[in-house]
Amino acid sequence: MARAVLFHGPDRPLEIVERPTPPTRGQEIVVRVTCCTLCSSDLHSHSGRRTVATPTVLGHEIVGRIEAFGPDASRSDFHGADLVIGARVSWNVAANCGSCFSCNNELPQKCDRLFKYGHQRVDDDRLFAGGLADYVVLVPGTALFRVPEALSDSVAASANCATATVAAVFRAAGNIRRNVIIFGAGVLGLTACAMARSSGVDAVMVVDPDPAPRERALAFGATHVFPSEPKALESAIADFTDGRGVDAALELAGVADAVKSALASTRIGGTVVLAGTVLPTPSVPLDPEDVVRRLLTIRGVHNYAPRDLATALEFLAGPGKAYPFAELVTRRFRLDEIESAFAFAHANPGQRVAVVP
């Protein structure tokens, strides 16, 4: 028998159910979960800030080992590496069809038939679709990756959400040469600090209203940290950039004020990437003439493509080893302690909680 945690909606208890171990069918691959970390979107769903179809099995930051192959399943990963029983793997947060309009226009994360792990409504026929379970059944169209042996499960788990999302943000931002400002020092912001410094950006500035995350950002490569008071921030950016503004501003905070500050912080010809505002957020004013005269590029990033997860795993196993990513996972809970795991995660924002079946 195998367990799964059913989420029925906010303010309702999580239900641990037992079902027969999932069978191997067609092109599916059954993976035994070894670690699932709770992402901010899991917490938003759990609290009701984010709407998700129910019942569902939450959890999408997952690492596991291959338990069984369906008779028609591929035996190689995204890079063509061999897959065998027992191989340690992670995978894209979403499976895509590969043939719809979005897939044919390099937007697989917006596939018309997207299957998103940890977000799908489940039933007895397809129950094991999220990481808060003993198993996950991988469907066709899932980009699967061998996890480098250099990475622990808890560090590798966040690759298929936080780290891959930041990789997509930097891909959208283009070549950042001199400086970048990052709004938000949660897991996304800290990852962005480390990626920026590892890529050779001279000045990595971080904005967060809370002094504790600002201090933590310094350990992840930030060169300057600021509170979020707009006038003081404007003055500091002018001082550090000779009045020009930054090459790129990355919004990873999820608040309207960060979007306003990102737009105001960027130099002529600079780039603004918005990725944190994934929940309903108040509108912000936008002066079209200002955007035109400053030649701004404004990009939005939601989810990521398989190549971004490839970049994420390579980063964590390479330059990322210089930064204390392991320290971000502060507590581990068993699957039967799932209520305590969510309670701790809600009470300690900015820290990752690992659930180990």
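The values are calculated or read from the model by the stated rules, or taken from the named source; none is laboratory data. In this text, all values refer to a predicted model and were calculated from it rather than measured experimentally. As a convention, Cβ positions derive from the backbone with ideal geometry for all residues, glycine included, and neighbour counts pool all protein chains shown.
Being of a type in the set (S, T, N, Q), outside the structural domain of Gly245 (by TED's automatic domain parsing) and within 19 Å of the chain's Cα centre (by Cα), is that true of even one residue in segment 108-118?
From segment 108-118, those of a type in the set (S, T, N, Q) are 109; that's our starting set.
From what is left, the residues that are outside the structural domain of Gly245 (by TED's automatic domain parsing) are 109.
With the extra rule that they be within 19 Å of the chain's Cα centre (by Cα), the set shrinks to 109.
Checking segment 108-118: at least one residue is of a type in the set (S, T, N, Q), outside the structural domain of Gly245 (by TED's automatic domain parsing) and within 19 Å of the chain's Cα centre (by Cα).
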Checklist entry - For segment 74-87, what are the residues that are over 25 Å from Arg113 (Cα atoms) and either without any contact (Cβ under 8 Å) to a residue 60 or more places away in the chain or not assigned by TED's automatic domain parsing to the domain that holds Val63 (or both)? => result Asp82, Val84, Ile85, Gly86, Ala87
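Suppose the filter is part of a loop (DSSP other than H, G, I, E, B) and either at pLDDT below 95 or in the same structural domain as Phe128 (by TED's automatic domain parsing) (or both); does Arg50 pass it? Before you say what the answer is, go through the steps one by one.
Details: part of a loop (DSSP other than H, G, I, E, B): yes; either at pLDDT below 95 or in the same structural domain as Phe128 (by TED's automatic domain parsing) (or both): yes.
Taking the combined requirement at face value, the residue satisfies it.
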Checklist entry - Just to be sure, is Pro319 touching a residue at least 40 places away in the same chain (Cβ under 8 Å), surrounded by fewer than 16 Cβ atoms within 10 Å (Cβ to Cβ) and farther than 26 Å from Leu43 by Cα? => result yes
Checklist entry - If we scan segment 199-220, do we find a residue that is in contact with a strand residue (DSSP E or B) (Cβ under 7 Å, 6 or more places away or on another chain), assigned to a helix (DSSP H, G or I) and touching a residue at least 40 places away in the same chain (Cβ under 8 Å)? => result no
Item to check | Matching option when the condition is buried (at least 24 other Cβ atoms within 10 Å of the Cβ), farther than 18 Å from Arg32 by Cα and touching a Phe, Trp or Tyr at 6+ places or on another chain (Cβ under 7 Å), among Ala129, Ala167, Ala162 | outcome: Ala167
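What residue, of Ala194, Ala129, Ala173, is over 16 Å from the mean Cα position of the chain (by Cα) and more than 24 Å from Arg75 (Cα to Cα)? Before the answer, list the steps.
Working: Ala194 fails: over 16 Å from the mean Cα position of the chain (by Cα); Ala129 fails: more than 24 Å from Arg75 (Cα to Cα).
Checking each option against the conditions leaves just Ala173.
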Next on the checklist: Among the listed residues Val122, Val147, Val155, identify the single one that is in the same structural domain as Val63 (by TED's automatic domain parsing) and under 13 Å from the mean Cα position of the chain (by Cα).
Outcome noted: Val155
Checklist outcome for this item: For segment 1-29, pairs from a residue that is part of a loop (DSSP other than H, G, I, E, B) to a residue that is crowded, with 17+ Cβ neighbours inside 10 Å and hydroxyl-bearing (Ser, Thr, Tyr), with Cβ under 9 Å and 6 or more apart or across chains, are His8/Thr56; Pro10/Ser45; Thr21/Tyr135; Pro22/Tyr135
